Amino acid sequence: MIFNSLTFLVFFGIVLCLHMAPLSWRAKKLNLLVASYIFYAAWNPPFVALIWLSTLVDWFAAKWMNASDNPNRRRALMLVSLVTNLGLLGYFKYGGFLLENFVELLRMSGVSYRPPTSNIVLPVGISFYTFQTLSYTIDVYRRNLQPCKSFLDFALFVTFFPQLVAGPIVRASDFLPQCAEPRQANPRQLGWGFCLLAVGLFEKVVLADGILAPVADQVYDNATGVGFVDAWLGTIAFSGQIFCDFAGYSTCAIGAAMCLGFVLPDNFRFPYAAMGFSDFWRRWHISLSTWLRDYLYIPLGGNRHGRVRTNVNLMATMLIGGLWHGASWRFVVWGGLHGLYLVAERVARHFWSDAQWAQRRYGRVFLAALTYLLVCVTWVFFRAPDFGAAWEVVTAMFTRPPGFPTQPFAIGSVGLVTACLLIGQWMLRDSSIEATADKLPSWARSLVLIAILVSLALVQEDDRAFIYFQF
Amino acid sequence: MPLSTSSSDDRLPAGPWRKTWVVALVGTLLLLGGWEAHWRWRGYHPEPSDSAELWAMSMRRVGPESTVLLGTSRIRADIDLDVMGEAFGRDVVQLGINATAPIPILEHLAEDASYRGMVIVDLIPEQLFSEMGVFDEDAIAYLNQLREDVSPAKAMESKLARPLREALAFRNSSLSIRSLLWSQVTGQNRDPGARRLDHERREYLDFSKIDLAKKRPPSARNIERANAKSATDIRPVVERIERAVRKLQARGCIVILVRMPYRADDVIPESGRYPRDRYWNVLAAASGAIVIHSDDDESLAAFTCPDRSHLDYHDAAPFTRALVEIIKARIDEARD
């Protein structure tokens with residue numbers, strides 16, 4: 001089920017009514033759990049069994065780990081959790097990719113091998129809930145977290161439908177305490193929660209799908225011989241599309257959870273206003289970048305073992321982060337480029353840590369613009385259907401003459417949306433959407449909501465799934 | 001990790017939220033109501049979306065004895081399903097897809113062992129015999145949609161969306177914001193009710209409401225196709241059609257290939273790059289099907305296509321009656 005559908009509207013209405021009904025807290029949590037399974041089963045019912053398996057394994061692994069003082073037993077239980085979760089992820093997400101590369105390796109060594117055709121369907125959101133449950137067992141293993149005492153609460157933590165399939169990736173330490181006491185949204189939370197739902201849908205349906213996606217699709221699906229203007233237009237359109245799509249989902253998730261009285265972590269904080277790449281990753285997909293930091297970068301040694309090792313750790317983290325997004329070398333290149341940017345930034349900071357120009361207004365704008373443009377280059381590898389198309393677009397962006405654009409009308413629409421996005425993010429970079437909304441009088445909020453709701457009703461595109469579902 | 005937005009209520013925007021939302025919802029309903037009234041007043045009515053999903057629904061309605069119509073926009077505009085259904089005494093299912101050659105769908109029917117009905121196939125030489133290949137991508141995409149497992153969410157969504165489409169004129173795809181902006185940019189006048197679609201996928205073209213001088217400019221894909229050279233070796237395509245026809249006939253199906261009416265002038269490639277004797281006639285001779293060319297019969301040739309390739313909806317019923325008579329006669333001939 002996707003947020004941008006009538007089915008979700010009806011589903012959420014029923015869930016919310018039951019949640020607000022005079023029932024016991026346990027019954028309400030049961031309602032949310034059943035609703036979450038229905039939400040997930042609406043795509044492919046058998047895949048709910050994967051979530052059940054993951055839930056059961058992590059529940060018992062954490063419980064037994066906590067009860068034991070034997071390091072070997074604890075390590076073995078941790079290994080069971082890792083193997084189960086990463087095994088499922090590996091089979092469903094990376095099985096085909098590994099086989100393809102194995103066949104290619106054999107071919108390069110002169111062995112011809114044709115494997116039987118595999119038709120593995122990727123369960124929606126598997127990367128998200130795998131990382132979420134893994135964080136729980138790792139935290140219990142490290143004794144940073146007491147295992148959950150209620151199976152119902154734990155199952156709800158794994159499955160909570162607003163963020164189940166595309167994040168934010170929630171930590172048990174943030175979510176489980178919220179299950180302890182009855183939660184129901186007060187009028188302010190309900191009003192703002194619905195606002196966030198509407199804003200998120202607007203980002204997704206109107207901006208991402210309605211305006212930006214068709215332009216990016218046109219360029220990337222016909223990349224052969226693409227011109228300079230088209231290449232930049234398609235890439236800038238995609239940079240806006242992926243932000244509006246993913247941040248739109250996160251905003252909807254936070255809004256839906258808030259309507260139910262739950263609080264989810266921020267996932268985006270105006271990332272295109274970032275000055276530098278470490279700043280970018282503090283603002284983009286925050287729940288993933290902090291997960292990678294806490295469970296990969298720091299255990300690898302973080303920045304504790306000298307400059308070279310720090311850079312190696314950074315690169316390793318970003319390469320794995322890239323691969324998390326999809327079973328393709330293009331995502332590895334995408335992550336690798338971000339890793340290189342981060343390493344280069346560390347080097348630059350070492351030499352120019354006290355550069356005065358970087359503190360001035362124009363210097364800051366320059367840094368933000370440079371960051372955005374370099375991030376755009378990485379998006380080419382994220383969006384292109386293959387390396388050939390990616391190379392065509394990158395070549396066109398940097399070496400081809402301007403040429404005549406094939407979508408002249410799109411320059412205006414993409415330009416306008418991107419300008420609003422960049423200027424808006426820059427103005428809000430040290431603030432928040434809540435602070436901005438708080439300054440608006442009630443009538444102005446109503447007007448904004450009317451504009452959003454009317455445009456949602458009038459834009460008619462096929463209900464595209466959110467891009468991050470495939471991860 | 002910092003929790004978002006509402007660790008405490010203090011971070012949330014304060015104010016009279018109930019009032020804000022009531023005003024927003026009432027305002028939205030009023031504006032949408034006005035928008036709906038405006039388009040109704042301009043002559044628009046609710047209609048289904050011409051999508052692969054709607055096509056797949058029609059395809060699932062095909063029974064063992066159904067008469068099936070395959071082809072392009074021509075067969076969708078020119079055939080009156082009621083007239084044809086009455087004439088043959090069987091249900092008629094419209095499976096035409098605009099601007100696509102129907103060979104993959106013909107092959108799909110040929111593989112369906114339960115099907116024993118009549119297939120009427122509208123074929124256009126330039127879609128079959130271009131050096132760019134057969135223009136059948138949309139037919140393949142529609143078939144893929146048919147084969148795709150429908151998730152419970154999708155099934156529910158189409159159930160919920162249908163009543164809305166049936167109730168609201170502004171949900172017409174021609175009235176989406178993108179279509180409206182496009183018509184503003186290109187300067188085309190909107191022609192209310194000029195093109196309508198019903199749930200059986202029949203198209204009603206009312207040329208009295210269409211300013212042909214302001215016809216929508218062709219897409220880049222169509223320009224490229226229109227300029228493509230004709231293929232020199234047409235055997236592979238002819239053989240594909242022949243194989244499918246023989247398979248259907250072996251089960252007792254009747255297959256009729258039709259060249260629907262067109263206005264022959266210099267822009268129709270058939271009069272230039274696709275001369276009949278080298279393309280259509282070769283296909284007709286090899287296919288083994290009953291073949292009807294609109295030029296060969298006065299009763300069909302008498303109909304004129306205002307836009308060179310489609311009939312006005314007023315002509316659909318008389319044209320269908322004339323075609324049915326010819327089909328009946330040709331079936332009798334074939335039996336003799």
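The values are calculated or read from the model by the stated rules, or taken from the named source; none is laboratory data. Note that this is a predicted model, so its numbers are computed, not measured. Cβ sites come from the backbone with ideal geometry, for glycine too, and all protein chains shown count toward neighbours. These accessible areas exclude ligands, DNA and RNA; they are computed on the full protein's heavy atoms, side chains included. Shrake-Rupley method; radii C 1.70, N 1.55, O 1.52, S 1.80 Å.
Before moving on, here are some points about what is shown:
- Nearest-0.05 FRET efficiency for residue A:308 and residue A:104, computed from C-beta distance (R0 41 Å): 0.85
- Between residue B:258 and B:121, B:122, B:123, B:292, the built amide H atoms are under 5 Å apart, and every one of these is 5 or more places off in sequence or on another chain.
- Classification of chain A by its C-alpha gyration tensor yields a rounded form. The axis ratio a/c (a ≥ b ≥ c) stays under 1.5.
- A full extension of the chain between residue A:423 and residue A:173 corresponds to an added length of 86.4 nm, given 0.36 nm per residue minus the alpha carbon distance.
- Counting only residues at least eight positions apart within a chain, or on another chain, the aspartates and glutamates with an alpha carbon under 13 Å from that of residue B:154 are A:462, A:463, B:53.
- Residue-normalised accessible area of the protein assembly as shown, given per residue in Å² at a 1.4 Å probe: 45 Å²
- Inter-chain Cβ neighbour count for A:450-456, averaged per residue, equals 5 (cutoff 10 Å, partner chain atoms only).
- As a length-normalised measure over Cα pairs under 8 Å and 6 or more apart, the relative contact order of chain B settles at 23 percent.
- Listed by chain and number, the lysines whose alpha-carbon sits under 29 Å from that of residue A:149, ignoring those within fewer than 8 places in the same chain, are A:28, A:29, A:63.
- Here's how it looks for residue B:230: its modeled amide H is under 5 Å from those of B:131, which are all 5 or more places away or on a different chain.
- Efficiency of FRET between residue A:68 and residue A:348 - r from beta-carbon atoms, R0 60 angstrom, step 0.05: 0.80
- Neighbourhood charge, 12 Å Cβ-Cβ cut-off, centred on residue B:72 and excluding it, Lys, Arg +1 and Asp, Glu -1: -3
- Taking packing as the residue-averaged number of other Cβ atoms within 10 angstrom, the listed peptides B:282-295, B:323-336, A:272-285 run from highest to lowest as A:272-285, B:282-295, B:323-336.
- For the pair region B:248-264 and region A:311-366, the centres of their Cα atoms are 63 angstrom apart.
- Across region B:127-141, the residues whose backbone nitrogen lies under 19 Å from the label position 7 Å along the beta-carbon direction of residue A:224 are B:130-138.
- Between amide H atoms placed 1.01 Å from N, distances below 5 Å from residue B:68 occur with B:93, B:118, B:119, B:120, all of them 5 or more places distant or on a separate chain.
- Estimated inter-spin distance, residue A:416 and residue B:304, nm [label 7 Å along Cα→Cβ]: 4.3 nm
- FRET efficiency estimate (nearest 0.05) - Cβ-Cβ, residue B:198 to residue B:159, R0 25 angstrom: 0.85
- Positions from region A:159-196 whose accessible area shrinks by 20 Å² or more when the full protein complex is built, not the chain alone, probe 1.4 Å: A:174, A:186, A:188, A:189, A:191, A:192, A:194
- Per-residue shielding of B:23-34, expressed as the average number of other chain Cβ atoms within 10 Å of the residue Cβ, stands at 5.
- For residue A:329, neighbours were defined as the other residues whose beta-carbon sits under 12 Å from its Cβ, and their charges (Lys and Arg +1, Asp and Glu -1) total -2.
- Nearest-ten-degree value, helix B:177-186 long axis tilted from longest Cα axis of chain B: 70 degrees
- Helical contribution to [θ] at 222 nm, DSSP H n ≥ 4, -39,500 (n - 2.57), averaged over chain A, rounded to 500: -22000 deg cm²/dmol
- Portion, in percent, of the accessible area of the protein assembly as shown that falls on carbon or sulfur, probe 1.4 Å: 61 percent
- Under 24 Å of direct C-alpha separation, and excluding same-chain neighbours fewer than eight residues apart, residue B:328 reaches these lysines: B:247.
- Take each residue of peptide A:259-266, count the partner chain Cβ atoms within 10 Å of its Cβ, and average: the result is 3.
- Mean residue ellipticity (222 nm) of chain B, computed from DSSP H runs ≥ 4 via -39,500 (n - 2.57), nearest 500: -14000 deg cm²/dmol
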